[in-house]
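I have placed the structure first, in the form of structure tokens, so that the comments after it can refer back to it.
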């Protein structure tokens, strides 16, 4: 397999805290690799070590099969989770300034169009909305025609429209064959965008695979939801796991045909039936638990 | 090192500064207001050094023809006479050092009150007593100062400019870089190929450009009003201010090298700038001060820049005459840049 990036036994320690605990993964060229996990799982630390923003404690990071050289920063584009820009500059000036920092650069007009910045290009970058700022940050991450892009929680804090707009931009970037490493808290985002996902918790990768592989492996059961009143028999009689929540019965099954046949045979009213397929969020909660993380 | 990257950051910083109208205006207005203020205070005839209370009096401010105080005392320059209705009013002000001396008008024995802990009171007492003595002529021989007299404003002006440069350099480099570190701007720049040396050089060069531009505008504006006398060469003055500006900006780099707390940084900047302002002879001479104070003053670039600037402006010195000052400034610049670059951190 031709990997663009290989991480081997990466460790990052802060005094007593082990933020990243010996993780390994590889990212193929032209794919989108997602790192998901609760707050404090070590996602941001991991990608900041790979980005060469903070030094690793130990481990190996190979880019194109070799340790990162001084040209690494010329070839990668980075969007941080929290960052700010030089103030009092317009969006267009900011793009031009950043373009000057690289040897190779993209066409500013093309970047402006891809990131939907045309109408606000003359606005001062201190005076733009959260969604516009994220689009600018994405544009800056693309300004050097990077081969590898790091997007750290790019849609955090955005409203649903802005988030979907950002997803469509990321899809355009993917279509250009760029390799992307993305962290996110939105499982829908990870499921839509990522080709491969690693779930991190307590500095370790606890599961890895394509979204479908993870769902199949860690959350095979389908959920059937019915109002309690529509079931005219005792739930003790059914051979499936179930929960009673807010006047509704949630039946968990991996064999939906058998379950539905049984409900029909017992004369159940299926008018208000809801069938929920397993998704990445179920996988995530199954693996990391439902306890609150700060 | 890439000059393209250095120029990009230099350009960006200049755009930021010149678009921040409030900061820009203040950089021009502050030195002009100080020079104008001091020019009015020290240049006019209304300057007051001592305040003498007189009671009983119906006037708030007493002129020499409105009192029966000894005429030679009442006509002494730089003393303002303030009237009080009663002794109680006057003594209250004297106790709180609102006035330096209190005298009873029309008293045959010339009764007066003075605080023994007040240096100004001590001087006024001496003046008061001397004006009561018989007028003895030729008791001392007054000689005139030969050559061009240096007006106070001409002595003060380089100090005000240098002080403005110091504040602008320390805050404009030290504080701004720390604020950028805290906000994450430096982190974003660190994700690009920009090197620390390129970034720091661009900040110093941008600050120098801003300092000299501000200096030029303030000089021109103040000169229109006060008509400064420059005995030496303008080019030599430019070289001195340029070297001093680089040195002060490099000092700012040391402050900016670490830390992300704006409060802490503002404390450090104040800790450095206030002693530098007071001990670099911006406002007053250190002649007669203890040796250790003079030694501390030598650690400050402002002292050397100001010494050289005054020599050129007031005494007509040339660059070769101020070589020691320039050499110290260059040494301090190199040292500060080396220390600042070695300690510099992009991240929190």
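Out of all the residues in region A:93-103, is one or more more than 8 Å from chain B (Cβ to nearest Cβ), over 25 Å from the mean Cα position of the chain (by Cα) and in a loop (DSSP other than H, G, I, E, B)?
Among the residues of region A:93-103, not one is more than 8 Å from chain B (Cβ to nearest Cβ), over 25 Å from the mean Cα position of the chain (by Cα) and in a loop (DSSP other than H, G, I, E, B), which makes the answer no.
Which numbered condition trips up residue B:59, out of (1) out of contact with any helix residue (DSSP H, G or I) (no Cβ under 7 Å at 6 or more places or on another chain); (2) in contact (Cβ under 8 Å) with a residue 12 or more places away in the chain; (3) exposed (fewer than 15 other Cβ atoms within 10 Å of the Cβ)?
(1)
Find the residue count for region B:220-237, including only residues that are surrounded by fewer than 21 Cβ atoms within 10 Å (Cβ to Cβ), at pLDDT below 90 and either in a helix (DSSP H, G or I) or within 14 Å of another protein chain (Cβ to nearest Cβ) (or both).
6
Answer yes if at least one residue in region B:188-203 is within 14 Å of chain A (Cβ to nearest Cβ), surrounded by fewer than 18 Cβ atoms within 10 Å (Cβ to Cβ), over 20 Å from residue A:83 (Cα atoms) and touching a residue at least 60 places away in the same chain (Cβ under 8 Å), and no otherwise.
Yes, there is a match, as at least one residue in region B:188-203 is within 14 Å of chain A (Cβ to nearest Cβ), surrounded by fewer than 18 Cβ atoms within 10 Å (Cβ to Cβ), over 20 Å from residue A:83 (Cα atoms) and touching a residue at least 60 places away in the same chain (Cβ under 8 Å).
Would you check which residues across region A:156-197 are part of a strand (DSSP E or B) and in contact with a helix residue (DSSP H, G or I) (Cβ under 9 Å, 6 or more places away or on another chain) and list them? Spell out how you get there, then give the answer.
Residues of region A:156-197 part of a strand (DSSP E or B): A:179-184, A:196-197.
Result: A:180, A:181, A:182, A:183, A:184, A:196, A:197.
I'd like to know if region A:232-241 contains one or more residues that are closer than 25 Å to residue A:265 by Cα and either within 31 Å of the chain's Cα centre (by Cα) or assigned to a strand (DSSP E or B) (or both).
Taking every residue of region A:232-241 in turn, at least one turns out to be closer than 25 Å to residue A:265 by Cα and either within 31 Å of the chain's Cα centre (by Cα) or assigned to a strand (DSSP E or B) (or both).
Since residue B:283 meets every condition but one in (1) in a helix (DSSP H, G or I); (2) closer than 23 Å to residue B:153 by Cβ, which condition does it not meet?
Here residue B:283 clears every test but (1).
Does residue B:167 satisfy the criteria of being under 20 Å from the mean Cα position of the chain (by Cα) and either surrounded by 18 or more Cβ atoms within 10 Å (Cβ to Cβ) or in a helix (DSSP H, G or I) (or both)?
Spelling it out, residue B:167 is indeed under 20 Å from the mean Cα position of the chain (by Cα) and either surrounded by 18 or more Cβ atoms within 10 Å (Cβ to Cβ) or in a helix (DSSP H, G or I) (or both).
Taking the condition part of a helix (DSSP H, G or I), within 14 Å of chain A (Cβ to nearest Cβ) and closer than 28 Å to residue B:313 by Cβ, does residue B:206 pass?
Values: part of a helix (DSSP H, G or I): yes; within 14 Å of chain A (Cβ to nearest Cβ): yes; closer than 28 Å to residue B:313 by Cβ: yes.
Taking the combined requirement at face value, the residue satisfies it.
I'm checking my understanding of the structure. Among residues of region B:79-124 that are in contact (Cβ under 8 Å) with a residue 40 or more places away in the chain and part of a loop (DSSP other than H, G, I, E, B), which one is surrounded by the most Cβ atoms within 10 Å (Cβ to Cβ)?
Keep residues of region B:79-124 that are in contact (Cβ under 8 Å) with a residue 40 or more places away in the chain, which gives B:79, B:93-94, B:98-105, B:110, B:120, B:123-124.
Pick out the ones that are also part of a loop (DSSP other than H, G, I, E, B) and you get B:98-100, B:105, B:110.
Numbers: B:98: 12, B:99: 28, B:100: 24, B:105: 17, B:110: 15.
Among residues in region B:79-124 that are in contact (Cβ under 8 Å) with a residue 40 or more places away in the chain and part of a loop (DSSP other than H, G, I, E, B), the one surrounded by the most Cβ atoms within 10 Å (Cβ to Cβ) is B:99.
So residue A:30 fits all but one of (1) under 23 Å from residue A:193 (Cβ atoms); (2) in contact (Cβ under 8 Å) with a residue 40 or more places away in the chain; (3) away from every other protein chain (no Cβ under 14 Å); (4) not in a loop (DSSP other than H, G, I, E, B); what number is the exception?
It fails just one condition, (4).
Any residue at all in region B:325-340 that is in contact (Cβ under 8 Å) with a residue 12 or more places away in the chain and assigned to a loop (DSSP other than H, G, I, E, B)?
no
Restricting attention to region A:29-44, does a residue exist that is modelled with pLDDT under 95, more than 17 Å from the chain's Cα centre (by Cα) and on the phi < 0 side of the Ramachandran plot?
Yes: one or more hits.
Name the pairs whose Cβ atoms lie under 8 Å apart, with the first residue in region B:12-39 and more than 9 Å from chain A (Cβ to nearest Cβ) and under 20 Å from residue A:96 (Cα atoms), the second at pLDDT 80 or above and part of a helix (DSSP H, G or I), and 6 or more positions between them or separate chains?
Going by the 8 Å Cβ cut-off, the qualifying pairs are B:14/B:206; B:14/B:209; B:14/B:210.
With within 12 Å of another protein chain (Cβ to nearest Cβ) and either buried (at least 20 other Cβ atoms within 10 Å of the Cβ) or touching a strand residue (DSSP E or B) at 6+ places or on another chain (Cβ under 6 Å) (or both) as the only criterion, which of A:23, A:47, A:7 stands out?
Sole residue among the options that is within 12 Å of another protein chain (Cβ to nearest Cβ) and either buried (at least 20 other Cβ atoms within 10 Å of the Cβ) or touching a strand residue (DSSP E or B) at 6+ places or on another chain (Cβ under 6 Å) (or both): A:47.
If a residue must be facing chain B (nearest Cβ under 7 Å) and without any contact (Cβ under 8 Å) to a residue 60 or more places away in the chain, how many such residues does region A:80-92 contain? So that I can check it myself, show each step before the final result.
Residues of region A:80-92 facing chain B (nearest Cβ under 7 Å): A:80, A:82-89.
Narrowing further to those that are without any contact (Cβ under 8 Å) to a residue 60 or more places away in the chain: A:82-89.
Residues in region A:80-92 being facing chain B (nearest Cβ under 7 Å) and without any contact (Cβ under 8 Å) to a residue 60 or more places away in the chain: 8 in total.
What tally of residues in region A:63-79 results from selecting those that are facing chain B (nearest Cβ under 7 Å), within 21 Å of residue A:25 (Cα to Cα) and touching a residue at least 60 places away in the same chain (Cβ under 8 Å)?
Result for region A:63-79: 1.
With (1) touching a residue at least 12 places away in the same chain (Cβ under 8 Å); (2) within 20 Å of residue A:92 (Cα to Cα) as the list, and residue A:119 as the residue in question, which single condition is left unmet?
If we test residue A:119 against (1) touching a residue at least 12 places away in the same chain (Cβ under 8 Å); (2) within 20 Å of residue A:92 (Cα to Cα), just (1) comes out false.
Quick check on region A:33-52: of everything there that is touching a residue at least 24 places away in the same chain (Cβ under 8 Å) and in contact with a helix residue (DSSP H, G or I) (Cβ under 7 Å, 6 or more places away or on another chain), which residue is nearest to residue A:187 (Cα to Cα)?
Result: A:36.
Within region A:136-153, can you find the residues that are more than 18 Å from the chain's Cα centre (by Cα), part of a loop (DSSP other than H, G, I, E, B) and within 25 Å of residue A:123 (Cα to Cα)?
Correct list: A:143, A:144, A:145.
Check B:259, B:174 and return the single one that is touching a residue at least 40 places away in the same chain (Cβ under 8 Å), on the phi > 0 side of the Ramachandran plot and more than 14 Å from chain A (Cβ to nearest Cβ).
B:259
The values are calculated or read from the model by the stated rules, or taken from the named source; none is laboratory data. All of these numbers come straight from a predicted model, not from anything done at the bench. Cβ: placed from backbone, ideal geometry, glycine included. Neighbour counts: every protein chain shown.
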